Amino acid sequence: MSGWWVALLLAADAGTHAPPSAVQTRALPEKVQLGEPLTYELVLTHPRNERYELHPGSDLGAFELLGQSRSRNDGPSTAVTTFQVRLALFELGKKRIPDLTFDVFDDSGTWQWVAQGPEVEAVGTLPEDAQEKGEDLYDIKPNAPLAVRTYRLLWGLLVLLAAGALGYAAYRWWKRPRPVALAPPVPAEPLGVRTCKALDALRAQDLPGQRRFREFYFRLSEIVRGYLGERYAFEALECTSGELLDALRRLHTPGLPHDDFVAFVQGSDFVKFAKAEATADQCKNAIELAYRVVKQTEGPHADVR
């Protein structure tokens, strides 16, 4: 594939969800050496109330995922989301980048959209005339035998090394830090108690009353993600919203109000990233849901107010 291509996509299917209004993709470079990194870039133009996240766990075949980044620019009614996916190809010849699946969040819920990948080519590191010039690859030669007439010098070196090691060990022992009496560590408070204290502090700041809605949702989301990550032992703070919800669906989470939590995550994203307006009542309901998540998943010993 050469350069940029743009495909204007219309919602011709029978469903209610439309694909992006415009898709721009390119692979840089289009021809790479075997194992050399390349960048697969997708630029999606879509309604402003939609949010696109790359769905994890796609089978990349001969490609290896090295990293990814995402950026977004909002306009009056549309938004442009740019994904840059770093890949490496480990099979020679022309290969098409596997289709990538995206989770799409909008006012009606969550759905998926699939982007078809362009074609790239992997070439070898040797020039085409390598065999004619005698530059072909050869197997590793075995170790050559080394004749040693006497081991006296080797034994002397080993004795010197042993003496030096003993001297250094004695020096390290003499210079070792002396033990210092430490106060007994203060036991950490239970996770539920620490989380509720953080929620209490956030509520006391009254950010919604100061119309600082985005800051309120960022702080609340961080507290809830930190609680869930420590409670169920996964990296909740580093997940995208789609990855967070997928992880919670796979984990055993008795007591977690899944439907209300999905609505909370989607509503938070609209305020944090799409700059949607919020109200004081919505903020109150959101923090009350956070208290309820702790109470219903931590157990009766959590100090939830």
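Each residue of segment 103-115 is assigned a 3J(HN,Hα), and the resulting list reads 8, 10, 10, 9, 5, 8, x, 10, 9, 10, 9, 10, 9 Hz, derived from the Karplus form 6.51 cos²θ - 1.76 cosθ + 1.60 (θ = phi - 60°), x at Gly and Pro.
The charge dipole of segment 191-298, taken about its Cα centre with unit charges on the Cβ atoms of Lys, Arg (+1), Asp and Glu (-1) only, comes to about 240 debye. Charged neighbours of residue 273, selected by a Cβ distance under 13 Å, balance to +2 (K, R count +1; D, E count -1). Ordering 290, 247, 234 by the projection of their Cα atoms onto the charge dipole of segment 191-298, which places +1 on the Cβ of Lys and Arg and -1 on the Cβ of Asp and Glu, puts 290 at the extreme positive end.
Other residues within the sphere of radius under 10 Å centred on the Cβ of residue 56, judged by their own Cβ, net out at -4 (K and R +1, D and E -1). Amide H contacts for residue 18 (H built 1.01 Å from N in the peptide plane; partners 5 or more residues away or on another chain; cut-off under 5 Å): none found.
Residues with beta-carbon under 10 Å from that of residue 84, excluding residue 84: net charge, scoring Lys, Arg +1 and Asp, Glu -1?
Residues close to residue 84 contribute a combined charge of +1.
Were the residues from residue 285 through residue 189 laid out at 0.36 nm apart, the gain over their Cα-Cα distance would be 31.9 nm. You can think of it this way: the chain between residue 237 and residue 214 has 6.5 nm of extra reach, that is 0.36 nm per residue less the Cα-Cα gap. Residue pairs exceeding 32 angstrom between C-alpha atoms, taken from 31/275; 272/295; 197/275; 197/272: 31/275.
Shape class of segment 5-123 from the alpha-carbon gyration tensor: prolate, with a/c at 1.5 or above and a/b greater than b/c.
The residue among 109, 29, 71 whose Cα reaches farthest toward the positive pole of the charge dipole of segment 5-123, with charges on the beta-carbon of Lys, Arg, Asp and Glu, is 29.
Read-outs throughout are calculated quantities, based only on the coordinates presented, and are distinct from any laboratory measurement. Since the structure is predicted, the reported quantities are computational estimates derived from the model, not experimental observations. Quick reminder, even Gly has a Cβ in these numbers, built from the backbone with ideal geometry, and neighbours come from all protein chains shown.
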